[in-house]
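These notes are about the structure you will find just below.
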Amino acid sequence: MGDVHGCRDVLVELLRDAGLVDRDERWQGGDARLWLVGDLTDRGPDGIGAIDLVRRLQDESGGAVGCLLGNHEVLLLSVARFAGEQTSIAGESFHELWRRNGGVESDLRALTPDHLAWITELPPLAREGETLLIHADTTAYLDLGTSIDAVRRSTRTVLAQGSAEDVDDLLGAVSDRMRLDDPEAVRSLLDAYGGSRVVHGHTPIAAVLGVDPRDVTEPLSYCGGLVTNVDHCLFAGGRGFVARLERGERGPGLEARPSLRSS
Ligand SMILES: [Mn+2]
């Protein structure tokens, strides 16, 4: 599932259409596994509602639902911890930076220490079979750690107890984009973290293609099939989709096209 950005009710509709939740919004995915690529919050109306839904589905599914750390989760946490302090951008506070990037005040009011603890534990990347899942289309994760566990440990430490400067640096890394239309860059990620293809969100497919978000109905495969972008840009009117990763077989080789299809 691509970036939700506060579109909690659209998320429910997409999961219902995919047969993953029932009419009462309860998990009914059976043995399915679901990953969200991060950025549940900001831009859209109900980011905390989206977090609460995902957390409940994680419980109901017995761990079959995972969610990556997006830059907007880091942003929200940065405001909670350092609201008025200055970022590296001259004269801009964390609160101003967050607002400029779609921060929604009602989310900040609803944010609890429990939400912050959940955000702190989110993995920035994950492997599902041969698929490497990341939020942002960047190799900057390699600066945070050279294994999935190392990246998770370093982000957890920064989010839990890092200084404003540490969090600002982390924001810079996980907000970088559009670096993966280069097989060498992609291979550097796969060599470190494993897998034979990358799936990411963060950069709206509509922006990449220069089309209206309402016309985006499926994932975008690029870099010779090594990389798939699933950012459906719900907050700007994208109808959204659930990208399906085939399972039960080894993933495609490096040159193969990913076996993703929209549903
Ligand atoms: Mn993002």
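The values are calculated or read from the model by the stated rules, or taken from the named source; none is laboratory data. Keep in mind the model is a prediction, meaning the values are calculated, not measured. Methodologically, a virtual Cβ is constructed for each residue, glycine included, from the backbone with ideal geometry; neighbour enumeration extends over all protein chains shown. Side chains included, ligands, DNA and RNA excluded: accessible areas come from the protein's heavy atoms. Shrake-Rupley method; radii C 1.70, N 1.55, O 1.52, S 1.80 Å.
Among the listed residues Phe235, Phe241, which satisfies the condition of being open to solvent by 20 Å² or more (accessible area, probe 1.4 Å), in contact (Cβ under 8 Å) with a residue 60 or more places away in the chain and within 24 Å of Glu13 (Cβ to Cβ)? Being open to solvent by 20 Å² or more (accessible area, probe 1.4 Å), in contact (Cβ under 8 Å) with a residue 60 or more places away in the chain and within 24 Å of Glu13 (Cβ to Cβ) holds for just one of Phe235, Phe241, which is Phe235. Within the stretch 120-130, not a single residue is closer than 20 Å to Gly2 by Cβ, open to solvent by 50 Å² or more (accessible area, probe 1.4 Å), within 16 Å of the ligand (Cβ to nearest atom) and charged (D, E, K, R).
Going by the structure shown, is Asp181 in contact (Cβ under 8 Å) with a residue 40 or more places away in the chain, surrounded by 14 or more Cβ atoms within 10 Å (Cβ to Cβ) and more than 18 Å from the chain's Cα centre (by Cα)?
Yes: the conditions hold for Asp181.
The single residue among Leu11, Leu57 that is closer than 26 Å to Arg99 by Cα, among the aliphatic types (A, V, I, L, M) and either at pLDDT below 95 or over 13 Å from the mean Cα position of the chain (by Cα) (or both) turns out to be Leu11.
Yes/no per residue for (1) touching a residue at least 24 places away in the same chain (Cβ under 8 Å); (2) in contact with a strand residue (DSSP E or B) (Cβ under 9 Å, 6 or more places away or on another chain):
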site	(1), (2)
Ile48	yes, no
Gly66	yes, yes
Ala83	no, yes
Trp98	yes, no
Arg127	yes, yes
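Scanning the stretch 171-192 for residues that are in contact with a helix residue (DSSP H, G or I) (Cβ under 8 Å, 6 or more places away or on another chain) and among the small types (Gly, Ala, Ser) yields Ala173, Ser175, Ser188, Ala192. For the stretch 1-18, the candidate set comprises residues that are part of a loop (DSSP other than H, G, I, E, B) and more than 11 Å from Val242 (Cβ to Cβ); within that set, the residue that is nearest to the ligand (Cβ to nearest atom) is Asp3.
Scanning the stretch 201-226 for residues that are more than 16 Å from the ligand (Cβ to nearest atom) and not in a loop (DSSP other than H, G, I, E, B) yields a total of 5. Determine whether Arg152 is surrounded by fewer than 21 Cβ atoms within 10 Å (Cβ to Cβ), touching a Pro at 6+ places or on another chain (Cβ under 6 Å), assigned to a helix (DSSP H, G or I) and of a type in the set (D, E, K, R). Criteria met by Arg152. Going by the structure shown, is Tyr193 within 26 Å of Ser221 (Cα to Cα), more than 14 Å from the ligand (Cβ to nearest atom) and open to solvent by less than 30 Å² (accessible area, probe 1.4 Å)? Here the answer is yes, as Tyr193 does meet what is asked. Meeting the requirement of 3 or more residues that are away from the ligand (no atom under 13 Å from the Cβ) and surrounded by 16 or more Cβ atoms within 10 Å (Cβ to Cβ), the helices (runs of 4 or more DSSP H) wholly within the stretch 38-110 are 47-60, 71-82, 94-100. Looking only at residues in the stretch 155-176 that are surrounded by fewer than 17 Cβ atoms within 10 Å (Cβ to Cβ) and in a helix (DSSP H, G or I), the one that is farthest from the ligand (Cβ to nearest atom) is Gln161.
Looking at this structure, is Ser147 under 25 Å from Arg179 (Cα atoms), at pLDDT below 95 and either within 16 Å of the ligand (Cβ to nearest atom) or open to solvent by 10 Å² or more (accessible area, probe 1.4 Å) (or both)? Criteria not met by Ser147. Scoring Ile134 on the criteria (1) within 21 Å of Arg156 (Cα to Cα); (2) surrounded by fewer than 18 Cβ atoms within 10 Å (Cβ to Cβ) leaves a single failure, condition (2).
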